[in-house]
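**Q** Dropping the structure in here first, questions after.
The values are calculated or read from the model by the stated rules, or taken from the named source; none is laboratory data. What you see is a predicted model, and the numbers here were worked out from it, not measured in a lab. Counting neighbours? That spans all protein chains shown, and the Cβs are built from the backbone with ideal geometry, glycine included. Please note that ligands, DNA and RNA were not included when accessible areas were found on the heavy atoms of the full protein model with its side chains. Shrake-Rupley method; radii C 1.70, N 1.55, O 1.52, S 1.80 Å.
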Amino acid sequence: MDELQTFRTEVSAWLEANCPFSMRTPPGEGELVMSGSHVEFQSEDQRLWYERMREKGWFAPGWPVAYGGGGLDAAHVRVLETEMSRLRCRPPQINLGIWMIGPVLIEFGSDEQKQAFLPATARGMIGWCQGFSEPNAGSDLASLKTSAVQDGTDFVVNGSKIWTSHAHHADYMYALVRTDNQVPKQQGISMLLIDMKSPGIDVRPIDLLSGKSHFCQVFFDNVRVAAKNLVGPLHGGWGVAKRLLQHERTAMSKFAELNMPGPDLVGVVRRVCADSTGRIGNAVLRDKVAGLEMEAQAQRLTQQRIVEMAKAHQDVFKVVATMKYQMAETEKRSAETMVAALGLQGLGWESDGFSPEELEVTRQWLNAKSLSIAGGSSEIQLNIIAKRVLGLPE
C-alpha cells in the first residue's frame, strides 16, 4: 500500500469516527454553518463536526500549518475531499476566506496581513464577503466606480457593491476599488480589506426569485480603511483579482461534490418514475438522467486530472477555466430534469399539497439560474475559454 492509499485509509477511518451521522446528509435550506465572529449552530452534532474539523486543521487543509492550515499537498487535499464526498459529509463551514482571499494573501499579502488574517480565518473566526460586482457594471468587472482616495494613512471609500453574498454576516470584505481615474480602467484598480463594522457601511439584503436572500447590496459613505489593508501594489489590484477569480472558479467547480444543500437527481427521479425494480421507465427521462450522471462523473475525473497536473507543476489554467461553466450548466439541467419528472408537483411555492422535497426542487431550479451569473457569467466564461484557452481572435 503506497503512502497516499495509507492516508486515504486513515482519513476514511477518522471521518467515520468523527463525523456525526446527522452530518452525513445533504443540509436543508439554512443549515450550513457560516464562519465568522457570529457563528451559530442549529444542533449539537453541527457544533461537534465544526469543532473536530477545525482542530484537525481541515477547514483549510491545503494551507501551511504556520497559518492554521492542515499542511497537506494537493494530492492529499484531493483524497480528503473525495472521502468526504463518498461518505456524504457536509462541509463543516462555509467561508469565502478559505476558498478565495486566503490563497491570495498567501501569495500577495504582506507578512503583517498574513499574521493578522490567515490563522483567524483558518479557525473560522473571520467571515468574509467579496466586493467585486457593482450596480450598472454588468459583467464588466473593470467598470467599477467605487472609489478609494488616500488620506494620510487611510483610504476613504465611497460607492456601492451589489450581489455581495452573505455580506450581512461577514466580518471583512475584500473589495476592488478605483484608485486612479486617469489611466486605462484595468490599471487604476486596487484591492482593499475592509472591516464590515467600519462607520459608514450600510448592508441591505436582496430578495431573490428563489425566496433566498443571501445576496446583499453594500453602500460605502466615507468609509476609512487603513492603508496597511491594501493587498498587492497600489493600482495593481486587477492582477490580484484575476488570480483570486481562478480560485473562485476552482471552488465553484467543486460544488456538485461538496454535498451542498439540494435534492439528489437520481433519488428524486426514481421516487417518482421508477418501477418496482428501480428502473426509470420513461426512456427520454432515463437518457437525461444517465447523461447528467456521466457529466458529473466526468467533472469528478477532471478535478482529479487538475490535481495530478498541479503535482507535476503543469499549468492548470485551461482546464480550470472550463470547469466553472460546465458545472453551472450541469446544475441547471439537473434541476430542470427534476422539475420535469415531478410535473406540477415540481412547481410549488408553499402549500400542504407539496412535500418538503418537492418545494426544495422548485427552489433549487430557481436558484440554479444564479450559478450562471455568480462568479462570472457563463457568457464571460465562454469569452475566456474562446480567447485564453482556444486562442480564437476577437
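**Q** At 24 angstrom or more along the helix axis (alpha-carbon based) and mean Kyte-Doolittle of -1.0 or higher, what helices does the chain contain? Whole DSSP H runs only.
**A** Those that clear 24 Å and a mean of -1.0 are 283-311, 317-342.
**Q** Here's a follow-up. Strictly greater than 19 Å: what percent of every Cα pair in region 145-200 meets that?
**A** 29 percent
**Q** So, in nm, how far is label Leu234 from label Arg305 when the simple model puts each one 7 Å beyond its Cα toward the Cβ?
**A** 4.5 nm
**Q** Order of 322-328, 61-67 by packing, highest average Cβ count within 10 Å first?
**A** 322-328, 61-67
**Q** Determine which lysines satisfy two conditions relative to Lys311: a Cα distance under 30 Å, and not lying fewer than 8 residues away in the same chain.
**A** Lys56, Lys114, Lys242, Lys254, Lys324, Lys387
**Q** Where a ≥ b ≥ c are the square roots of the eigenvalues of the C-alpha gyration tensor, would you call region 280-394 rounded, which needs a/c under 1.5, or, failing that, prolate if a/b is larger than b/c, or oblate?
**A** It is prolate, given that a/c is not under 1.5 and a/b is the larger ratio.
**Q** In Å, the Kirkwood hydrodynamic radius of region 42-140 over pairs of distinct alpha carbons? Present the calculation step by step, with values, prior to reporting the outcome.
**A** Details: mean 1/r = 0.0680 Å⁻¹.
Evaluated over region 42-140, this radius sits at 14.7 Å.
**Q** Give or take rounding to whole Å, what are the principal axis extents of the alpha carbon atoms in the chain, in descending order?
**A** In descending order, the Cα extents are 74, 49, 48 Å.
**Q** Also, I was wondering about something else. When only Cα pairs under 8 Å and 6 or more residues apart are kept, what is the percent relative contact order across the chain?
**A** Here the relative contact order equals 14 percent.
**Q** Could you tell me the calculated FRET efficiency between Ala386 and Ser276, based on Cβ-Cβ distance and R0 = 45 angstrom, to the nearest 0.05?
**A** The pair Ala386/Ser276 has a calculated efficiency of 0.40.
**Q** Next up: Can you return the aspartates and glutamates within cross-link range of Lys185? Criterion is Cα-Cα under 17 Å, with same-chain partners fewer than 8 residues away left out.
**A** By straight Cα distance, Lys185 reaches Glu134, Asp140.
**Q** State the extension gain, in nm to one decimal, for the chain segment bounded by Lys114 and Val149, taking 0.36 nm per residue of separation less the distance between their alpha-carbons.
**A** Stretched out fully, the Lys114 to Val149 stretch lengthens by 10.2 nm.
**Q** Percent of accessible area on the chain owned by carbon and sulfur, 1.4 Å probe?
**A** Accessible surface attributable to carbon and sulfur in the chain totals 53 percent.
**Q** Give the aspartates and glutamates reachable from Lys369 as a straight Cα distance under 16 Å; neighbours fewer than 8 places away on the same chain don't count.
**A** Asp207, Glu329, Glu331, Glu336, Glu360, Glu379
**Q** Would you calculate a helix-derived [θ] at 222 nm for the chain, using -39,500 (n - 2.57) for each DSSP H run of n ≥ 4 and dividing by the full residue count, to the nearest 500?
**A** -13500 deg cm²/dmol
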